[in-house]
1. Quick check on region 66-102: of everything there that is under 29 Å from T180 (Cβ atoms) and more than 16 Å from the ligand (Cβ to nearest atom), which residue is surrounded by the fewest Cβ atoms within 10 Å (Cβ to Cβ)?
2. Looking at V268, V231, V237, which one is more than 21 Å from the chain's Cα centre (by Cα) and either under 29 Å from P58 (Cβ atoms) or buried (at least 19 other Cβ atoms within 10 Å of the Cβ) (or both)?
3. Restricting to region 16-34, and then to whatever is open to solvent by 30 Å² or more (accessible area, probe 1.4 Å) and under 17 Å from L121 (Cα atoms), can you tell me which residue is modelled with the highest pLDDT?
4. If a residue must be more than 16 Å from the ligand (Cβ to nearest atom) and basic (K, R), how many such residues does region 103-156 contain?
5. So, in region 186-204, exactly how many residues are closer than 16 Å to L121 by Cβ and small (G, A, S)?
6. Of the numbered conditions (1) over 16 Å from L51 (Cα atoms); (2) aliphatic (A, V, I, L, M); (3) in contact with a Ser or Thr (Cβ under 6 Å, 6 or more places away or on another chain), L89 satisfies every one except a single condition; which is it?
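The values are calculated or read from the model by the stated rules, or taken from the named source; none is laboratory data. Source: prediction; values computed, not measured. Here the Cβ positions follow ideal geometry from the backbone for every residue, glycine too, while neighbour counts run over all protein chains shown. Just so you know, the surface numbers come from the protein's heavy atoms only, side chains and all, with ligands and any DNA or RNA stripped out. Shrake-Rupley method; radii C 1.70, N 1.55, O 1.52, S 1.80 Å.
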Amino acid sequence: MGSPVTLLDCTIRMTGPEVAVIAGTEDPDERSAELAAVRSGTVGRVHSWELVTGLDGPGTRLTVFLSGCVLRCQYCHNPDTWRLSDGRLTTLDKVMDRIARRAAALKIMHGGVTLSGGEPLIQRPFVTNVLQRCKELGLHTTLDTSGYLGMRAEDELLDAVDLVLLDVKAGLPETYKTVTGRQLAPTLRFGRRLRDRGTPIWIRYVLVPGLTDGEEDVRIVADYAASLGEVVQRVEVLPFHQMGKNKWKALEIPYPLEHTMPPSDELVARVQETFRSRGLLTF
Ligand code: SF4
């Protein structure tokens with residue numbers, strides 16, 4: 001039995017094949033009804049929505065940010081999505097109504113729907129349903145994930161994913177642990193599973209001076225990305241920025257990167273070159 005990860009008024013029990021999302025309601029009837037709906041994926045916790053172009057996948061994306069995450073990345077710019085209760089309990093039908101209204105426009109703009117977070121795989125049944133319903137609408141689907149919970153993504157979920165944005169946050173296990181508080185191995189395993197399935201991947205690497213810019217870390221991630229072969233369609237080196245700083249402050253969480261500067265152009269170019277030298281299309 002794995003240890004529960006407490007997210008203030010919600011608990012994610014890392015046990016067996018299910019990630020049980022236990023909400024904080026006191027009423028036992030409400031609680032069991034909510035649990036049943038969460039398990040069947042007819043409700044989920046949605047933090048926010050965004051319509052973006054040139055980010056989160058090809059074309060114009062309708063990005064749905066789901067709440068809940070088990071990592072605690074030092075550079076997270078969405079700490080306000082960490083707890084499941086940071087999102088509103090929303091029905092699958094409501095979410096799909098909103099997506100369906102934009103489906104025609106998204107197709108014209110060569111885009112689709114991206115599920116992000118937080119970590120979408122925490123809400124696996126809901127995510128599976130949303131992805132499958134998007135595919136029924138003929139929409140391109142993207143899953144933005146750390147891969148940490150990848151082993152919990154069943155094939156039926158991945159069958160409905162056209163692209164995975166896989167955040168590989170460090171190459172050395174010890175750096176990964178420092179950055180996220182968790183282990184690196186599940187992410188690497190998930191990437192290899194995607195390769196074996198032939199699921200397209202965009203690898204993302206957040207470049208933080210003094211944290212993830214070590215040559216060995218970058219080299220290991222580059223070698224790993226290259227080892228996945230042609231499923232890796234591109235690598236995106238994402239320069240650290242301070243846009244999340246105010247959220248940490250508002251939440252009164254000590255922010256370890258408060259004084260960290262964005263990487264220089266030279267550093268970004270050096271890291272991009274490490275990926276390019278493995279034949280990877282890199283931005
Ligand atoms: S995985 Fe994403 S949402 Fe979770 S802590 Fe890291 S950056 Fe934040």
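1. Applying the first criterion (under 29 Å from T180 (Cβ atoms)) to region 66-102 yields 66-90, 95.
Applying the additional criterion that residues be more than 16 Å from the ligand (Cβ to nearest atom) yields 88-90, 95.
Values: R88: 12, L89: 16, T90: 17, V95: 22.
The selected residue is R88.
2. V268
3. I22
4. Counting residues in region 103-156 that are more than 16 Å from the ligand (Cβ to nearest atom) and basic (K, R) gives 3.
5. Going through region 186-204, the residues closer than 16 Å to L121 by Cβ turn out to be 186-191, 193-194, 197, 199, 201, 204.
Within this subset, residues satisfying the condition of being small (G, A, S) are 191.
So the answer is 1.
6. In the conditions (1) over 16 Å from L51 (Cα atoms); (2) aliphatic (A, V, I, L, M); (3) in contact with a Ser or Thr (Cβ under 6 Å, 6 or more places away or on another chain), L89 misses (3) alone.
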